[in-house]
Amino acid sequence: MPVSRPGPSGSGTRATDADGYGAPRRFWRGLAQHAPPGVDAVERSWRSPLRGPWLTAVYGSVLLVALPLVIITGLLDYAAYGPQFDQAFPTNVGWLRLPAFDWPTRPSWLFRVTQGLHVTLGIVLVPVVLGKLWSVLPKLFDWPPARSLAQVLERLTLLLLVGGILFQIATGLLNIQYSYVFGFDFYTAHYFGAWIFTGAFVAHVIIKFPRLVTALRSRPLGTELRTPRAATRPEPPDPDGLVAAEPGPATVSRRGAVGLVGGGALLLAVVTIGQSLDGPLRRTALLLPRGRQPGTGPNGFPVNRTVAAAGVRPEQTDASWRLTLRGGGRTVTLDRPGLLAMAQHTADLPISCVEGWSTRQTWTGVRLRDLAALAGVADPASARVSSLEKAGLFRTAVLAPNQILDPDSLLALRVNGVDLAPDHGYPARVIVPALPGVHCTKWVAEIDFRGQADG
Amino acid sequence: MAERAGPTAGRDRPTAGRAGRLRAAYGAAPWHLVLVTAVIVLAGWVALRLAQEATFGRMLLWFVGAVIAHDLVLFPVYASADRVLRAVVRDRVTLLNHLRVPALGTALLFVVYSPGILRWGETTHEAATGQTQRPYLVRWLVLSAALFLLSGATYGLRAALGRRGSASRARR
């Protein structure tokens, strides 16, 4: 399609759109004619012959497939925290509440996969997002900035789209590295930021999808991936003005540009995936907190909170420690030998954290359903587990019926054949299949079982 | 997208006329208006909700700041760095790319893992993991050096093979 190149004012009046101006025409036309100084120079300074609809569409289609996965796994992580017990943060989300359901305990690796995918994909997509933004950056400096109300509104949604993805990436990356320099609540910001981004993302996909299809069809992928640098030519001028007006010679082929972004993604994947793996490969997460084991031996696996940080003192966990079980007006007190004298069950279960790391260990202890029966609540509706910790967002956690009754749900006393280390929750901790790590309460002091009849 | 009024559009002129007028005045099809309005309303509703938070100003600053930091700081910085590099190596494109690739890898690792590399959050990191953030800087430097070394070695190999190739061609 013939497209007239920018006129003297640097404004790209596209011949295809009649004149493309909405009402009031005089205003938009006037705006186009009053370009600030420098617009021409900026327009001519875009040199890369690679920018164009095809390359943008390639990066865009990767994001189109992968970002929904990040969004869905993120929402599932929220659901895993148990919003029905007001323990998913932020708690008060109004219309943006998710449908209530009991988070399943099977498969036991469910949460390991959802949070692992969310964090790992989120990191791996960073170069794709940067590549996509690079490919459309000239649009930011277009003059006129809009030719109609439609373009003004769409540009506003693009601000939400770009701000949204960058905000989510920045807060997510800082959170998994325990850096809270932003000074606001991570959960609140990341949850609401996700909704702003998702809305803008859906609209962008709907508006641009036909463009994406046309662009991908314009140059067969196979041919493009066989074209060397020497044969790389700019795309023909496009209605969106992505193709440079005065492109320079190619220093990289399109294949190279795709490979560069793919290589960046691969590099990040290689130094990130280790935090979700056990064994020697864990060490490959070179730049992340959970690439390092905190020690050797049966208790040498990562923690999310040290005993020192939790403020649990040794005299609280010595022989004087007692576990209190409450249920239906009854109170039962048990010491550690008493718990060890009960039927012991061993289960291989992963412990996974929303910050993207997980590890599978062998836990031994008393089944939670046996403790519920001991407390006189054979048919529990919920159980509130409290820790010896005095403060902290996760000093108590509520478990749903399926999480109490699963045969592998334990009050663990031992791990990998030895007593739990203080950092892993000695004298006793909860471990439930597919439950977020922060709800697997450590240094347990009390479990309050509620029966179905208690409401 | 709304169809253009063709010769056959005459029969239902009133509808086409109204839709056409709306399209011309607004600048896109009506569904476009519905869609972008929905997105803006959603974002506005979230903003109003968050406005009650004491830290709302900071959130807004980070949201808008992220766009400015990328579009008006990060992009100009890497684009200028690339121009400088191109001016230095002139028309040796292979050398240029053998410098670009490890430089981009180094920068990417820094952007993603800077909180650990710069030790932002020593206390929270230690409370969570029981470990310090000290090793990350050295590891990033070693990884970066490895990327440059690998790229340099491949460049050397390519150059050597290229020379041998042209020498054998010359002999023939």
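Just checking, does the stretch A:332-354 include any residue being within 13 Å of chain B (Cβ to nearest Cβ) and closer than 22 Å to residue A:421 by Cβ? Outline the logic, then answer.
Residues of the stretch A:332-354 within 13 Å of chain B (Cβ to nearest Cβ): A:353-354.
Cutting the leftovers down to closer than 22 Å to residue A:421 by Cβ gives us A:353.
Within the stretch A:332-354, one or more residues are within 13 Å of chain B (Cβ to nearest Cβ) and closer than 22 Å to residue A:421 by Cβ.
If you check A:50, A:76, which single one turns out to be assigned to a helix (DSSP H, G or I) and modelled with pLDDT of 95 or more? Please lay out each step first, then the result.
Details: A:50 fails: assigned to a helix (DSSP H, G or I).
None of the others qualify; the one that does is A:76.
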Of these, B:90, B:4, which one is at pLDDT below 95 and on the phi > 0 side of the Ramachandran plot? B:90
Which ones in the stretch B:28-68 are more than 7 Å from every other protein chain (Cβ to nearest Cβ), more than 27 Å from residue A:151 (Cβ to Cβ) and at pLDDT 95 or above? B:51, B:54, B:56, B:57
Is it the case that the stretch B:86-100 has a residue that's touching a helix residue (DSSP H, G or I) at 6+ places or on another chain (Cβ under 9 Å), crowded, with 16+ Cβ neighbours inside 10 Å, under 28 Å from residue A:167 (Cβ atoms) and more than 7 Å from every other protein chain (Cβ to nearest Cβ)? no
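Quick check on the stretch A:248-282: of everything there that is among the charged types (D, E, K, R) and closer than 26 Å to residue A:355 by Cβ, which residue is nearest to the other protein chains (Cβ to nearest Cβ)? If you could, list the steps in order and put the result at the bottom.
So the first thing to find is which residues in the stretch A:248-282 are among the charged types (D, E, K, R), and the list is A:254-255, A:278, A:282.
Checking the rest, the ones that are also closer than 26 Å to residue A:355 by Cβ come to A:278, A:282.
Numbers: A:278: 17, A:282: 13 Å.
Among those residues, the one meeting the criterion is A:282.
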Which number in (1) in a helix (DSSP H, G or I); (2) over 18 Å from residue A:78 (Cβ atoms); (3) touching a His at 6+ places or on another chain (Cβ under 7 Å) marks the one condition that residue A:178 misses? (1)
Of the residues in the stretch A:170-194 that are touching a Phe, Trp or Tyr at 6+ places or on another chain (Cβ under 6 Å) and touching a residue at least 24 places away in the same chain (Cβ under 8 Å), the one that is nearest to the other protein chains (Cβ to nearest Cβ) is A:193
If you scan the stretch A:195-216, which residues turn out to be farther than 15 Å from residue A:158 by Cβ and facing chain B (nearest Cβ under 10 Å)? A:195, A:210
Go through the stretch B:101-118 residue by residue and tally those that are surrounded by fewer than 17 Cβ atoms within 10 Å (Cβ to Cβ) and more than 9 Å from chain A (Cβ to nearest Cβ). 1
What is the one condition in (1) more than 30 Å from residue A:247 (Cα to Cα); (2) among the hydrophobic types (A, V, I, L, M, F, W, C); (3) surrounded by 22 or more Cβ atoms within 10 Å (Cβ to Cβ); (4) more than 8 Å from every other protein chain (Cβ to nearest Cβ) that residue A:167 does not satisfy? (4)
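Out of A:432, A:385, A:377, A:415, I need the residue that is touching a residue at least 12 places away in the same chain (Cβ under 8 Å), touching a His at 6+ places or on another chain (Cβ under 7 Å), outside the structural domain of residue A:110 (by TED's automatic domain parsing) and buried (at least 21 other Cβ atoms within 10 Å of the Cβ). Which one? Quick ask: steps written out before the conclusion?
Details: A:432 fails: touching a His at 6+ places or on another chain (Cβ under 7 Å); A:385 fails: touching a His at 6+ places or on another chain (Cβ under 7 Å); A:377 fails: touching a His at 6+ places or on another chain (Cβ under 7 Å).
The unique qualifying residue is A:415.
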Inspect all residues belonging to the stretch B:63-79 and state whether any of them is part of a helix (DSSP H, G or I), touching a helix residue (DSSP H, G or I) at 6+ places or on another chain (Cβ under 8 Å) and within 27 Å of residue A:228 (Cβ to Cβ). yes
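The values are calculated or read from the model by the stated rules, or taken from the named source; none is laboratory data. All values reported here derive from a predicted model rather than from experimental measurement. Don't worry about glycine lacking a Cβ; one is built from the backbone with ideal geometry, like all the others, and counts go over all protein chains shown.
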